[in-house]
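Below is the structure I would like to discuss, written out as structure tokens.
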Amino acid sequence: MATQIPNIERDAEQSPRGGITPRAIGLGLLLVVLLDVIAVYVRFYYHGSRMVLSHIPMAMLIVFITMLIAIAVMGRLARFSLQSGEWHTILSMGLVGATMPIWSSTGYLIGYISAPYFYATEDNNWAELLHPHLPDFMIPTNEGNGIAWFFEGRPEGAAIPWDIWVLPLFWWFMAFTAAFVVLTCVGIIFRKQWVQNERLAYPAMAPLINMMSEPGGDKRALPGFMYNRLFWIGFVLAFGMIAWNCINYFLPNFPRFPIHGGRWHIIDPQFPRIRASVGLFSIFFSYFASLDVLLSLWVFDLLFIVEGGWLNKLGYKSMVPVAYRGVYQWQTRGAFVVLVISMFWVARLHLRDVIMKALGKDDSVDDRDELLSYRAAVVGVVAGLAFLFIWMMQMNMDPIISALLLMACVCGYIGMAKILSDTGMPYTQIPGIAWNYVAPFFGNVGIPSTTHVAFRFANLITGNAKGLFLPATAQVGKLSEGITDNRRKLIAALYMAFAVSFVTSIFLTLNLGYNEGAFNFNVSEIPRSARNYFRNSANAVKNADNPPFYVDNPENLVFFGIGGLAMIGLIFMRHRFVWWPLHPVGLALSGTPLIRASSFTLFIAWLIKLVMIKVGGPSVYHKSRPFFIGLLVGYVLGVALSLMLDVIWFPERGHAVHFRAA
């Protein structure tokens, strides 16, 4: 599945020295704390942009780029500088830390564990349907109205009841720690295969690696990437458009550049809608992706529009207005399953080497460049999965379903991590969480009521649409090449980033809820999702005789097979014919909400890159890199400007200039 584009940072004049130093770790933790503050307050209080929705979170970029420039300036004045390798450490910690706040993890965590008792009423009958099956050790009690105060705001003079949260959050921290260990070790196991054997391009890291190659300080007042005219042209263009739009905050009739949001246009009521908007953020990273990836993503989105609408006209459930459902959703899932299987097949020789090295039967396998030895990584995977399995048993989940759920979860996260490493698309998601690949084959009739309820909590770890920690740790595998110290010291830094982010984001969320009232958050994480999803669990308990999905809807199983067969054909064509233009990943993501929202942007990005390469040639394409890095930096600092204006003048009614709030 490796792309054919060149590795864009290969000719950068890098001389990374060191990397894992006390000051780098300290700055990495500062980056984590600040991105948590931005993510929590912008989402829950200012109601602005979605700061951690993408795989390269905006909250992290704002702090990271600001630090990179500010430390270069201060270093020039004080005659010191951070080395490139230290910035690789800082960015690695930021990527891991950004997997925790809000949409990523802890926002839903607080929303879920606070909901079952608080939202129980006589009408929904949760006391009978859900409460007997709840894992009480994972849920805070409403003793003394502690949960009610979180949603409604605490009375004046009352203290925040931290004691009701301590024990449940401790067990959640242990569960997330086990997941972190498993997914970090999986990333270590696959690093050599993806970085060296398949030579994936890691387009999402390419501009950031370029920016860190000459970080400035001491002899230069600015980072090296800023000493280029094309950079400043791109910077002024992106920053200028956002700054111009900020005038509209004060003068509502002032014209705006259409650089975010956009309407969904109806072409036919029975066909999926089209979002005709250009997202600058996706444009930046699309520049570093390959043409075949960009072509495939928008071509297979077009396939969804045509096929989904056609199936809908024939009477099959295949879509909601903007994304897939029903038979088309199962077709995409079938394609994704085969794509993940192909990933393991391609890596089979490497995985064999890892196992043999871990068992001590092949000393010729070199794992000295890995963050952990292969033996430690394999032990970490096994031990972490064992802990999670026992944890799920303690929530009274069915053991067979628990084992299948963990297997589907890890495989799905591996698929998402490789897709990000290969395509660099910031807005991608797994086409269905692990439960969607396990539960339908059992049906409600084959799943105990306790498992339906426990799943809602286990889903916080097994059902992360972004892949939880693994996409981030896979990118860290690429970044670790820029660290020349003993790379194994990085593991401790990554764990500190995870732990600090977990504690910080939880503290900020609870503190804000008790002081402002979580009802006022009014977003999907809190309070909407948990209320809706536990309603679904209650319905599943009530309808315990529902059969497996293929009994009432055999067409779903047929399209699952069609998607798998189509993916086999795409993989064969890609490996058999050099000229074949379509990348298999397009089919595996076809119809997913985030790709649907970005498809027109991806088409524009593909067209721009195609014209640039065909007309100007590879030399023009490579020389234009500073312009696109300037666009990225200008855009990020423009979003920061908008955020500052919201903080000063528009608290609680912020502006979504990056990704529309919902």
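The values are calculated or read from the model by the stated rules, or taken from the named source; none is laboratory data. Not measured: the values here are computed from a predicted model. Backbone-built Cβ (ideal geometry, glycine too); neighbour counts: all protein chains shown. Just so you know, the surface numbers come from the protein's heavy atoms only, side chains and all, with ligands and any DNA or RNA stripped out. Shrake-Rupley method; radii C 1.70, N 1.55, O 1.52, S 1.80 Å.
Please pick out the residue among 122, 152 that is in contact with a helix residue (DSSP H, G or I) (Cβ under 9 Å, 6 or more places away or on another chain), charged (D, E, K, R) and open to solvent by 50 Å² or more (accessible area, probe 1.4 Å). Lay out the reasoning, then the answer.
Details: 122 fails: in contact with a helix residue (DSSP H, G or I) (Cβ under 9 Å, 6 or more places away or on another chain).
That would be 152, the only listed residue that is in contact with a helix residue (DSSP H, G or I) (Cβ under 9 Å, 6 or more places away or on another chain), charged (D, E, K, R) and open to solvent by 50 Å² or more (accessible area, probe 1.4 Å).
Can you pull out every residue in region 481-505 that is hydroxyl-bearing (Ser, Thr, Tyr) and either over 16 Å from residue 185 (Cβ atoms) or modelled with pLDDT under 95 (or both)? Working first, answer last.
Taking region 481-505 and keeping what is hydroxyl-bearing (Ser, Thr, Tyr), we get 484, 495, 501, 504-505.
Listed by number, the residues that qualify are 484, 501, 504, 505.
Next question, about the same structure. Take region 140-187 and flag every residue that is farther than 30 Å from residue 408 by Cα and outside any helix (DSSP H, G or I).
Step one: list which residues in region 140-187 are farther than 30 Å from residue 408 by Cα, which gives 141-166.
Correct list: 141, 142, 153, 154, 155, 156, 157, 158, 159, 160, 161, 162.
From (1) closer than 24 Å to residue 192 by Cβ; (2) open to solvent by less than 10 Å² (accessible area, probe 1.4 Å); (3) in a helix (DSSP H, G or I); (4) not charged (D, E, K, R), pick out the condition that doesn't hold for residue 428.
Among (1) closer than 24 Å to residue 192 by Cβ; (2) open to solvent by less than 10 Å² (accessible area, probe 1.4 Å); (3) in a helix (DSSP H, G or I); (4) not charged (D, E, K, R), residue 428 violates only (3).
So, in region 643-654, how many residues would count as being at pLDDT 90 or above and either within 13 Å of residue 50 (Cα to Cα) or among the β-branched types (Val, Ile, Thr) (or both)? Walk me through how you get there before you give the answer.
Within region 643-654, the first condition is being at pLDDT 90 or above, and the residues that meet it are 643-650.
Within this subset, residues satisfying the condition of being either within 13 Å of residue 50 (Cα to Cα) or among the β-branched types (Val, Ile, Thr) (or both) are 643, 647-648.
So the answer is 3.
Any residue in region 340-359 that's free of Cβ contacts under 8 Å to residues at least 24 places away in the same chain and more than 23 Å from residue 583 (Cα to Cα): show its pairings with residues that are of a type outside the set (A, V, I, L, M) and outside any helix (DSSP H, G or I) at Cβ separation under 7 Å, as long as the two are six or more apart or on different chains.
Close Cβ pairs satisfying both conditions: 353/362; 356/362; 357/367.
I've got another one for you. Could you tell me whether any residue of region 15-35 is of a type in the set (Val, Ile, Thr), modelled with pLDDT of 95 or more and surrounded by 24 or more Cβ atoms within 10 Å (Cβ to Cβ)?
yes
Is it fair to say residue 445 is in a helix (DSSP H, G or I), touching a residue at least 24 places away in the same chain (Cβ under 8 Å), surrounded by fewer than 23 Cβ atoms within 10 Å (Cβ to Cβ) and aliphatic (A, V, I, L, M)? Please lay out each step first, then the result.
Values: in a helix (DSSP H, G or I): yes; touching a residue at least 24 places away in the same chain (Cβ under 8 Å): yes; surrounded by fewer than 23 Cβ atoms within 10 Å (Cβ to Cβ): yes; aliphatic (A, V, I, L, M): yes.
Spelling it out, residue 445 is indeed in a helix (DSSP H, G or I), touching a residue at least 24 places away in the same chain (Cβ under 8 Å), surrounded by fewer than 23 Cβ atoms within 10 Å (Cβ to Cβ) and aliphatic (A, V, I, L, M).
Give me the residue from region 364-384 that is assigned to a helix (DSSP H, G or I) and open to solvent by 50 Å² or more (accessible area, probe 1.4 Å) and, out of that set, farthest from residue 187 (Cα to Cα). Explain how you work it out, then say what you get.
First pass over region 364-384, keeping only residues assigned to a helix (DSSP H, G or I): 374-384.
Narrowing further to those that are open to solvent by 50 Å² or more (accessible area, probe 1.4 Å): 375, 379, 382-383.
Values: 375: 14, 379: 14, 382: 14, 383: 16 Å.
Across region 364-384, the extreme among qualifying residues is 383.
Out of (1) touching a helix residue (DSSP H, G or I) at 6+ places or on another chain (Cβ under 7 Å); (2) part of a helix (DSSP H, G or I); (3) among the aromatic types (Phe, Trp, Tyr), the odd one out for residue 202 is which?
Only one criterion is unmet by residue 202, namely (2).
Oh, and also: Can you tell me which residue in region 245-269 is farthest from the chain's Cα centre (by Cα), limited to those that are open to solvent by less than 70 Å² (accessible area, probe 1.4 Å) and polar (S, T, N, Q)?
248
Being free of Cβ contacts under 8 Å to residues at least 24 places away in the same chain and not acidic (Asp, Glu) narrows it down to one of 400, 419, so name that one.
Working: 419 fails: free of Cβ contacts under 8 Å to residues at least 24 places away in the same chain.
Every option except 400 fails the conditions.
Given the criteria closer than 30 Å to residue 233 by Cβ and either assigned to a helix (DSSP H, G or I) or touching a residue at least 60 places away in the same chain (Cβ under 8 Å) (or both), does residue 538 qualify?
Working: closer than 30 Å to residue 233 by Cβ: no; either assigned to a helix (DSSP H, G or I) or touching a residue at least 60 places away in the same chain (Cβ under 8 Å) (or both): yes.
The answer is no for residue 538.
What number of residues within region 507-529 satisfy the criterion of being within 27 Å of residue 182 (Cβ to Cβ) and open to solvent by 10 Å² or more (accessible area, probe 1.4 Å)?
4
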